[in-house]
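J.: Once you've had a glance at the structure underneath, I'll fire off some questions.
The values are calculated or read from the model by the stated rules, or taken from the named source; none is laboratory data. What you are looking at is a predicted structure, and each value in this text was computed from that prediction instead of being measured. So basically every Cβ, Gly included, is an ideal-geometry build from the backbone, and we count neighbours across all protein chains shown. Note: areas computed on protein heavy atoms with side chains; ligands, DNA, RNA excluded. Shrake-Rupley method; radii C 1.70, N 1.55, O 1.52, S 1.80 Å.
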Amino acid sequence: MTIGEAEPESGPGGARPLAPGLHFIATPIGAARDITLRALDILRAADVLAAEDTRTLRHLMEIHGIPLGGRPLVAYHDHNGEAARPRLLRALAEGRSVAYASEAGTPLVADPGFQLGRAAIAAGHPVLAAPGPSAVLAALTVSGLPTDRFLFAGFPPATASARRKFLAELAPVPATLVLYESPKRIHKTLEDMAVVLGDRQAAVCRELTKRFEEVSRGPLDLLAREFGDRSVKGEIVVVVDRAPPVQAGLEDLEAALIAALGTMSVKEAAAAVAGQLGLPRRDVYQAALRLAEER
(Lines give C-alpha, C1' and ligand atoms only; values in the text may rest on other atoms or scores of the structure.)
Protein backbone atom coordinates (compact mmCIF):
# COMPACT_ATOMS: atom_id res chain seq x y z
CA MET A 1 0.00 0.00 0.00
CA THR A 2 1.46 3.39 -0.98
CA ILE A 3 1.39 6.50 1.24
CA GLY A 4 -1.96 8.21 1.06
CA GLU A 5 -3.76 5.12 -0.26
CA ALA A 6 -7.00 4.37 1.56
CA GLU A 7 -7.05 1.41 3.96
CA PRO A 8 -9.54 -1.26 2.72
CA GLU A 9 -12.70 -1.52 4.74
CA SER A 10 -12.78 -4.35 7.25
CA GLY A 11 -14.88 -7.40 6.61
CA PRO A 12 -16.84 -9.40 9.23
CA GLY A 13 -15.03 -9.68 12.55
CA GLY A 14 -12.44 -7.07 11.49
CA ALA A 15 -10.98 -9.37 8.81
CA ARG A 16 -9.75 -8.18 5.44
CA PRO A 17 -12.50 -8.27 2.79
CA LEU A 18 -12.78 -11.54 0.88
CA ALA A 19 -13.20 -11.59 -2.90
CA PRO A 20 -16.75 -12.42 -4.02
CA GLY A 21 -17.33 -16.02 -5.00
CA LEU A 22 -17.71 -19.52 -3.60
CA HIS A 23 -14.79 -20.57 -1.40
CA PHE A 24 -14.46 -24.29 -0.62
CA ILE A 25 -12.62 -24.94 2.65
CA ALA A 26 -10.95 -28.19 3.67
CA THR A 27 -11.46 -28.86 7.39
CA PRO A 28 -9.62 -31.16 9.83
CA ILE A 29 -10.37 -34.89 9.72
CA GLY A 30 -9.28 -35.19 13.36
CA ALA A 31 -6.82 -32.74 14.90
CA ALA A 32 -8.32 -29.23 14.99
CA ARG A 33 -4.89 -27.65 14.45
CA ASP A 34 -4.63 -29.23 10.98
CA ILE A 35 -6.72 -26.44 9.47
CA THR A 36 -4.72 -24.01 7.32
CA LEU A 37 -4.16 -20.34 8.08
CA ARG A 38 -5.81 -19.44 4.78
CA ALA A 39 -8.92 -21.43 5.69
CA LEU A 40 -9.12 -19.54 9.00
CA ASP A 41 -8.81 -16.23 7.14
CA ILE A 42 -11.68 -17.23 4.85
CA LEU A 43 -13.88 -18.28 7.76
CA ARG A 44 -13.14 -14.99 9.46
CA ALA A 45 -13.90 -12.85 6.40
CA ALA A 46 -16.68 -14.56 4.42
CA ASP A 47 -20.03 -12.78 4.16
CA VAL A 48 -21.98 -16.05 4.30
CA LEU A 49 -20.95 -19.38 5.81
CA ALA A 50 -22.31 -22.74 4.69
CA ALA A 51 -21.50 -26.14 6.12
CA GLU A 52 -22.36 -29.79 5.77
CA ASP A 53 -22.71 -29.80 9.58
CA THR A 54 -23.16 -26.37 11.15
CA ARG A 55 -22.46 -27.70 14.65
CA THR A 56 -19.06 -28.99 13.57
CA LEU A 57 -18.17 -25.70 11.90
CA ARG A 58 -19.34 -23.65 14.89
CA HIS A 59 -17.16 -25.77 17.18
CA LEU A 60 -14.15 -25.41 14.89
CA MET A 61 -14.58 -21.64 14.77
CA GLU A 62 -14.89 -21.47 18.56
CA ILE A 63 -11.66 -23.45 18.97
CA HIS A 64 -9.83 -20.95 16.76
CA GLY A 65 -11.49 -17.85 18.20
CA ILE A 66 -13.47 -16.85 15.11
CA PRO A 67 -16.78 -15.13 15.92
CA LEU A 68 -19.83 -15.72 13.77
CA GLY A 69 -20.67 -12.06 14.23
CA GLY A 70 -24.26 -12.23 13.07
CA ARG A 71 -23.35 -13.67 9.66
CA PRO A 72 -25.68 -16.25 8.08
CA LEU A 73 -24.67 -19.86 8.77
CA VAL A 74 -26.48 -22.11 6.30
CA ALA A 75 -26.75 -25.88 6.60
CA TYR A 76 -26.07 -27.52 3.23
CA HIS A 77 -26.16 -31.32 3.09
CA ASP A 78 -27.57 -34.26 1.12
CA HIS A 79 -31.07 -33.85 2.51
CA ASN A 80 -31.59 -30.11 1.98
CA GLY A 81 -29.39 -29.20 -0.99
CA GLU A 82 -32.28 -28.43 -3.33
CA ALA A 83 -33.78 -26.01 -0.81
CA ALA A 84 -30.55 -24.40 0.45
CA ARG A 85 -28.75 -23.97 -2.87
CA PRO A 86 -30.89 -21.06 -4.22
CA ARG A 87 -30.18 -19.03 -1.08
CA LEU A 88 -26.43 -19.43 -1.51
CA LEU A 89 -26.62 -18.69 -5.24
CA ARG A 90 -28.55 -15.49 -4.50
CA ALA A 91 -25.78 -14.39 -2.15
CA LEU A 92 -23.22 -15.03 -4.89
CA ALA A 93 -25.34 -13.11 -7.41
CA GLU A 94 -25.34 -10.15 -4.99
CA GLY A 95 -21.53 -10.11 -5.11
CA ARG A 96 -21.02 -11.63 -1.67
CA SER A 97 -18.41 -14.14 -0.58
CA VAL A 98 -19.70 -17.58 0.45
CA ALA A 99 -17.52 -20.09 2.31
CA TYR A 100 -18.53 -23.76 2.29
CA ALA A 101 -16.94 -26.23 4.72
CA SER A 102 -17.32 -30.01 4.65
CA GLU A 103 -17.90 -31.82 7.93
CA ALA A 104 -14.34 -33.15 7.72
CA GLY A 105 -11.73 -33.19 4.97
CA THR A 106 -11.79 -31.75 1.48
CA PRO A 107 -15.12 -30.58 0.02
CA LEU A 108 -16.60 -32.61 -2.86
CA VAL A 109 -14.72 -35.79 -1.82
CA ALA A 110 -17.61 -37.96 -0.54
CA ASP A 111 -19.29 -34.65 0.29
CA PRO A 112 -22.54 -32.94 -0.84
CA GLY A 113 -20.87 -29.76 -2.12
CA PHE A 114 -20.59 -31.03 -5.70
CA GLN A 115 -23.98 -29.74 -6.91
CA LEU A 116 -23.35 -26.38 -5.24
CA GLY A 117 -20.01 -26.03 -7.05
CA ARG A 118 -21.55 -26.99 -10.39
CA ALA A 119 -24.43 -24.55 -9.95
CA ALA A 120 -22.05 -21.70 -9.05
CA ILE A 121 -19.87 -22.42 -12.09
CA ALA A 122 -22.91 -22.61 -14.37
CA ALA A 123 -24.05 -19.22 -13.09
CA GLY A 124 -20.64 -17.70 -13.85
CA HIS A 125 -19.51 -17.15 -10.26
CA PRO A 126 -15.87 -17.57 -9.18
CA VAL A 127 -15.22 -20.90 -7.43
CA LEU A 128 -12.06 -21.21 -5.38
CA ALA A 129 -10.53 -23.86 -3.11
CA ALA A 130 -8.46 -23.54 0.06
CA PRO A 131 -6.67 -26.92 0.07
CA GLY A 132 -5.96 -28.75 3.28
CA PRO A 133 -6.78 -31.98 5.14
CA SER A 134 -7.85 -35.02 3.12
CA ALA A 135 -8.43 -38.54 4.40
CA VAL A 136 -7.61 -39.90 0.93
CA LEU A 137 -4.19 -38.28 0.78
CA ALA A 138 -3.41 -38.96 4.43
CA ALA A 139 -4.16 -42.66 3.95
CA LEU A 140 -2.07 -42.86 0.77
CA THR A 141 0.82 -41.20 2.58
CA VAL A 142 0.94 -43.70 5.46
CA SER A 143 -0.08 -46.82 3.51
CA GLY A 144 3.34 -47.59 2.08
CA LEU A 145 1.71 -48.34 -1.29
CA PRO A 146 2.43 -46.70 -4.68
CA THR A 147 1.08 -43.17 -5.05
CA ASP A 148 2.12 -42.39 -8.62
CA ARG A 149 -1.36 -43.34 -9.84
CA PHE A 150 -4.44 -43.87 -7.66
CA LEU A 151 -8.22 -44.07 -7.91
CA PHE A 152 -10.60 -42.91 -5.20
CA ALA A 153 -13.64 -45.17 -5.46
CA GLY A 154 -15.78 -43.84 -2.58
CA PHE A 155 -17.88 -46.21 -0.46
CA PRO A 156 -18.51 -49.78 -1.70
CA PRO A 157 -22.16 -50.88 -1.92
CA ALA A 158 -23.71 -52.28 1.25
CA THR A 159 -25.02 -55.56 -0.19
CA ALA A 160 -22.65 -58.46 -0.88
CA SER A 161 -23.60 -59.04 -4.53
CA ALA A 162 -23.41 -55.36 -5.45
CA ARG A 163 -20.14 -54.98 -3.57
CA ARG A 164 -18.51 -57.89 -5.41
CA LYS A 165 -19.63 -56.51 -8.76
CA PHE A 166 -18.26 -53.09 -7.77
CA LEU A 167 -14.90 -54.63 -6.79
CA ALA A 168 -14.77 -56.71 -9.96
CA GLU A 169 -15.06 -53.52 -12.02
CA LEU A 170 -12.14 -52.05 -10.07
CA ALA A 171 -9.95 -55.16 -10.31
CA PRO A 172 -8.31 -54.37 -13.69
CA VAL A 173 -7.67 -50.69 -12.92
CA PRO A 174 -3.87 -50.16 -13.10
CA ALA A 175 -3.74 -47.91 -10.05
CA THR A 176 -3.71 -48.00 -6.27
CA LEU A 177 -7.32 -48.13 -5.04
CA VAL A 178 -8.61 -45.94 -2.20
CA LEU A 179 -12.01 -46.59 -0.61
CA TYR A 180 -13.97 -45.46 2.42
CA GLU A 181 -15.80 -47.99 4.57
CA SER A 182 -17.86 -48.06 7.75
CA PRO A 183 -16.59 -49.97 10.80
CA LYS A 184 -19.71 -52.16 10.69
CA ARG A 185 -18.92 -53.49 7.21
CA ILE A 186 -15.11 -53.43 7.08
CA HIS A 187 -14.69 -57.17 7.76
CA LYS A 188 -17.17 -58.13 5.01
CA THR A 189 -15.58 -55.76 2.53
CA LEU A 190 -12.09 -57.10 3.26
CA GLU A 191 -13.36 -60.65 2.78
CA ASP A 192 -14.85 -59.74 -0.59
CA MET A 193 -11.68 -57.87 -1.56
CA ALA A 194 -9.59 -60.94 -0.81
CA VAL A 195 -11.83 -63.04 -3.07
CA VAL A 196 -12.27 -60.57 -5.91
CA LEU A 197 -8.96 -58.69 -5.93
CA GLY A 198 -6.72 -61.57 -4.91
CA ASP A 199 -3.68 -61.53 -2.66
CA ARG A 200 -2.80 -57.86 -3.02
CA GLN A 201 -1.04 -55.74 -0.42
CA ALA A 202 -3.33 -53.31 1.38
CA ALA A 203 -3.59 -50.95 4.32
CA VAL A 204 -6.57 -50.33 6.59
CA CYS A 205 -6.27 -46.80 7.99
CA ARG A 206 -8.49 -46.00 10.95
CA GLU A 207 -9.04 -42.73 12.86
CA LEU A 208 -6.38 -40.87 10.87
CA THR A 209 -4.83 -37.88 12.70
CA LYS A 210 -6.81 -38.73 15.86
CA ARG A 211 -5.67 -40.03 19.23
CA PHE A 212 -6.25 -43.70 18.41
CA GLU A 213 -4.91 -43.61 14.84
CA GLU A 214 -4.13 -47.11 13.55
CA VAL A 215 -2.75 -48.43 10.26
CA SER A 216 -2.87 -52.18 9.61
CA ARG A 217 -0.82 -53.36 6.61
CA GLY A 218 -0.55 -56.72 4.86
CA PRO A 219 -2.12 -58.99 2.23
CA LEU A 220 -5.90 -58.71 1.87
CA ASP A 221 -6.57 -62.24 3.11
CA LEU A 222 -4.55 -61.60 6.28
CA LEU A 223 -6.34 -58.30 6.93
CA ALA A 224 -9.71 -60.00 6.34
CA ARG A 225 -8.91 -62.55 9.04
CA GLU A 226 -7.60 -59.89 11.40
CA PHE A 227 -10.68 -57.69 11.15
CA GLY A 228 -13.06 -60.65 11.12
CA ASP A 229 -12.38 -61.13 14.83
CA ARG A 230 -12.44 -57.45 15.80
CA SER A 231 -15.04 -54.86 16.68
CA VAL A 232 -13.76 -51.50 15.49
CA LYS A 233 -14.95 -47.91 15.59
CA GLY A 234 -14.15 -44.72 13.74
CA GLU A 235 -13.61 -43.54 10.18
CA ILE A 236 -11.84 -46.06 7.92
CA VAL A 237 -9.92 -45.70 4.65
CA VAL A 238 -8.78 -48.81 2.78
CA VAL A 239 -5.86 -48.58 0.36
CA VAL A 240 -5.19 -51.52 -2.00
CA ASP A 241 -2.23 -52.03 -4.30
CA ARG A 242 -2.74 -52.55 -8.01
CA ALA A 243 -2.65 -56.09 -9.37
CA PRO A 244 0.87 -57.35 -10.14
CA PRO A 245 1.64 -58.44 -13.70
CA VAL A 246 0.92 -62.16 -13.97
CA GLN A 247 1.72 -64.69 -16.66
CA ALA A 248 -1.15 -67.08 -16.04
CA GLY A 249 -1.47 -70.51 -17.60
CA LEU A 250 -4.62 -72.51 -18.24
CA GLU A 251 -4.36 -74.28 -14.89
CA ASP A 252 -4.06 -70.95 -13.04
CA LEU A 253 -7.06 -69.59 -14.92
CA GLU A 254 -9.25 -72.60 -14.20
CA ALA A 255 -8.25 -72.73 -10.52
CA ALA A 256 -9.03 -69.04 -10.07
CA LEU A 257 -12.38 -69.37 -11.87
CA ILE A 258 -13.45 -72.41 -9.86
CA ALA A 259 -12.72 -70.53 -6.63
CA ALA A 260 -14.57 -67.43 -7.82
CA LEU A 261 -17.58 -69.35 -9.12
CA GLY A 262 -18.11 -70.71 -5.64
CA THR A 263 -19.36 -67.31 -4.47
CA MET A 264 -20.06 -65.26 -7.62
CA SER A 265 -22.04 -65.36 -10.82
CA VAL A 266 -20.31 -66.25 -14.08
CA LYS A 267 -20.11 -62.61 -15.13
CA GLU A 268 -18.78 -61.46 -11.74
CA ALA A 269 -16.26 -64.31 -11.58
CA ALA A 270 -14.98 -63.58 -15.07
CA ALA A 271 -14.48 -59.90 -14.31
CA ALA A 272 -12.74 -60.64 -11.01
CA VAL A 273 -10.39 -63.27 -12.42
CA ALA A 274 -9.59 -61.18 -15.50
CA GLY A 275 -8.52 -58.38 -13.16
CA GLN A 276 -6.50 -60.71 -10.92
CA LEU A 277 -4.61 -62.42 -13.75
CA GLY A 278 -4.39 -59.57 -16.23
CA LEU A 279 -6.17 -61.51 -18.96
CA PRO A 280 -8.73 -60.34 -21.55
CA ARG A 281 -12.17 -60.33 -19.95
CA ARG A 282 -13.85 -61.86 -23.01
CA ASP A 283 -11.53 -64.91 -22.98
CA VAL A 284 -11.98 -65.38 -19.24
CA TYR A 285 -15.76 -65.11 -19.60
CA GLN A 286 -15.81 -67.88 -22.20
CA ALA A 287 -13.72 -70.09 -19.92
CA ALA A 288 -16.05 -69.34 -17.00
CA LEU A 289 -19.10 -70.29 -19.08
CA ARG A 290 -17.49 -73.58 -20.00
CA LEU A 291 -16.60 -74.40 -16.40
CA ALA A 292 -20.07 -73.42 -15.19
CA GLU A 293 -21.69 -75.80 -17.70
CA GLU A 294 -19.41 -78.65 -16.64
CA ARG A 295 -20.23 -78.26 -12.93
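J.: Determine the sum of side-chain charges near Arg200: Lys and Arg each +1, Asp and Glu each -1, restricted to other residues whose C-beta is under 9 angstrom from that of Arg200. Spell out each step's value before the answer.
T.: On the way: positive: Arg242; negative: Asp199, Asp241.
Charge balance in the 9 Å sphere: -1.
J.: Suppose each label sits 7 Å from its Cα in the direction of the beta carbon; what would the Arg282-His59 distance come out to in nanometres?
T.: According to this spin-label approximation, the distance is 5.5 nm.
J.: Where does the charge balance sit around His23 when Lys and Arg score +1, Asp and Glu -1, over other residues with C-beta under 14 Å from its C-beta? Write out the running numbers ahead of the final one.
T.: Numbers: positive: Arg16, Arg38, Arg44, Arg71, Arg96; negative: Asp41, Asp47.
Here the count lands on +3.
J.: Tell me what the chain gives for mean residue ellipticity at 222 nm when only DSSP H runs of n ≥ 4 count, each as -39,500 (n - 2.57), the sum divided by the residue total, rounded to 500 deg cm²/dmol. Intermediate results must be reported in sequence, preceding the final value.
T.: Working: 11 runs with 120 residues, N = 295.
Taken over the chain, the calculation gives -12500 deg cm²/dmol.
J.: Which lysines, if any, have their Cα less than 18 Å from the Cα of Lys267, not counting same-chain residues under 8 positions apart?
T.: Of all the lysines, those that pass the test against Lys267 - Cα under 18 Å, at least 8 places apart if same chain - are Lys165.
J.: Pull up the cross-link candidates among the lysines for Lys210, meaning alpha carbon to alpha carbon under 26 Å and not fewer than 8 places away within one chain.
T.: Reachable lysines: Lys184, Lys188, Lys233.
J.: Using only the alpha carbon atoms of segment 22-168, find the Kirkwood hydrodynamic radius as the inverse mean reciprocal pair distance, in angstroms to one decimal. Mind showing how you got there, number by number?
T.: On the way: mean 1/r = 0.0607 Å⁻¹.
About 16.5 Å for segment 22-168.
J.: So for the pair Leu289, Lys233, with labels modelled 7 Å out along Cα→Cβ, what separation do we get in nm?
T.: Distance between the two pseudo-spin positions: 5.2 nm.
J.: Calculated FRET efficiency, Glu226 and Ala32, Cβ-Cβ r, R0 35 Å, to nearest 0.05?
T.: Working: r = 31 Å, r/R0 = 0.88.
After rounding, the FRET efficiency stands at 0.70.
J.: Given R₀ = 22 Å, what would the calculated FRET efficiency be for Ala123 paired with Arg16, taking r from the Cβ atoms and rounding to 0.05? Walk me through the numbers before you get to the answer.
T.: Numbers: r = 26 Å, r/R0 = 1.16.
That gives a FRET efficiency of 0.30.
J.: Which value, in Å² rounded to 10, gives the accessible area of Arg58 with a 1.4 Å probe and all protein chains present?
T.: Roughly 120 Å² of Arg58 is accessible to a 1.4 Å probe.
J.: How long are the semi-axes of the equivalent ellipsoid of segment 150-295, defined as square roots of 5 times the Cα gyration tensor eigenvalues? Whole Å, largest first. Don't skip to the answer; put the middle values down first.
T.: Numbers: eigenvalues 165, 43, 31 Å².
Equivalent-ellipsoid dimensions as semi-axes: 29, 15, 12 Å.
J.: Could you give the C-alpha radius of gyration of the chain expressed as a fraction of 2.2 N^0.38 Å, taking N as the number of residues it contains? Numbers along the way, then the final one.
T.: Working: Rg = 23.8 Å, N = 295, 2.2 N^0.38 = 19.1 Å.
For the chain, the normalised Cα radius of gyration comes out at 1.25.
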